[in-house]
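Heads up, the thing below is written out as structure tokens.
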Amino acid sequence: PDFATVIITYVPDAHIVELKSLKLYLWGFRDQGVFHEDVTNRILDDLVATLAPRRMTVQTIWNVRGGITTTVTASHP
């Protein structure tokens, strides 16, 4: 399996996310076979749809696999 560090930076508006809820949400990706870019974009899309932040950036830093480290960044707006 691939492991990543997920960095979420955002400026909230009316809503914020509870840390335990966020942790459980992220664990939902644990057994899914998806691309690194897809996971990053899905996290951003889901959080933007739920929280409606003023701005948000999601960065995933994936562990080395096959000698390649991958860092994916997605932002809103």
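The values are calculated or read from the model by the stated rules, or taken from the named source; none is laboratory data. Quick caveat, the model's predicted, so the values are computed rather than measured. Quick reminder, even Gly has a Cβ in these numbers, built from the backbone with ideal geometry, and neighbours come from all protein chains shown. Ligands, DNA and RNA are stripped out before the accessible areas are found, and what is left, the full protein with its side chains, is counted by its heavy atoms. Shrake-Rupley method; radii C 1.70, N 1.55, O 1.52, S 1.80 Å.
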> Modelled label-to-label distance, residue 65 and residue 52, 7 Å Cα→beta-carbon offset: nm?
Replying inline: 3.6
> For the residue pair residue 73 and residue 32, what label-to-label distance in nm results when each label sits 7 Å from Cα along the Cα-to-beta-carbon direction?
Replying inline: 2.3
>> Let me spell out the model: positive unit charges on the Cβ of Lys and Arg, negative unit charges on the Cβ of Asp and Glu, origin at the Cα centre of the chain. What dipole size does that give, in debye rounded to 20?
In response: 180
> Which whole-number percent is the relative contact order of the chain (Cα, under 8 Å, 6+ apart)?
Replying inline: 43
>> Can you tell me how the chain classifies by the Cα gyration tensor, rounded, prolate or oblate, using a/c under 1.5 as the rounded cut?
In response: prolate
> Is region 1-40 best put as rounded, prolate or oblate by its Cα gyration tensor, with a ≥ b ≥ c the root eigenvalues, rounded for a/c under 1.5, and otherwise prolate when a/b is larger than b/c, oblate when not?
Replying inline: prolate
> Roughly how big is region 32-77's charge dipole about its Cα centre, with Cβ charges of +1 (Lys, Arg) and -1 (Asp, Glu), in debye to the nearest 20?
Replying inline: 140
> For the peptides 34-43, 14-23, 58-67, what is the packing order when you average, over each peptide's residues, the other Cβ atoms within 10 Å and list the highest mean first?
Replying inline: 34-43, 58-67, 14-23
>> Counting only protein heavy atoms and a 1.4 Å probe, tell me what percentage of the chain's accessible area is made up of carbon and sulfur.
In response: 55
> In degrees from 0 to 90, rounded to the nearest 10, what is the angle of the helix 36-51 Cα long axis to the longest principal axis of the chain?
Replying inline: 10
> How far apart, in nm, are two points set 7 Å out from the Cα along the Cα-to-Cβ line at residue 45 and at residue 3?
Replying inline: 2.8
>> Quick check on the chain: helices-only [θ] at 222 nm, where DSSP H runs of length 4 and up contribute -39,500 (n - 2.57) each and the sum goes over total residues. Nearest 500, please.
In response: -10000 deg cm²/dmol
